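For reference, the structure discussed in these notes is given below.
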């Protein structure tokens, strides 16, 4: 149960960061938004695979 809560919080933080960056900085720049969103998701995926996956076992 605690593992599900941590993963849910992790995804909410990632989504909040994406929305915040889009609204504050990249509102009218499609390609910059797309590249930034892909980069944020990639960084969060790397953190999950190298840190959280082993910590949550």
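Each reported figure results from applying straightforward, stated rules to the coordinates on display, with no laboratory input. Please read all numbers here as calculations on a predicted model, not as lab measurements. Glycine gets a Cβ as well: all are built from the backbone with ideal geometry, and neighbour counts include every protein chain shown.
Structural remarks
- Filtered by the rule that a residue be without any contact (Cβ under 8 Å) to a residue 40 or more places away in the chain and surrounded by 12 or more Cβ atoms within 10 Å (Cβ to Cβ), region 40-57 gives 40, 41, 43, 44, 47, 48.
- For region 22-36, a residue qualifies if it is surrounded by fewer than 12 Cβ atoms within 10 Å (Cβ to Cβ), touching a helix residue (DSSP H, G or I) at 6+ places or on another chain (Cβ under 9 Å) and assigned to a helix (DSSP H, G or I), and exactly one does: 25.
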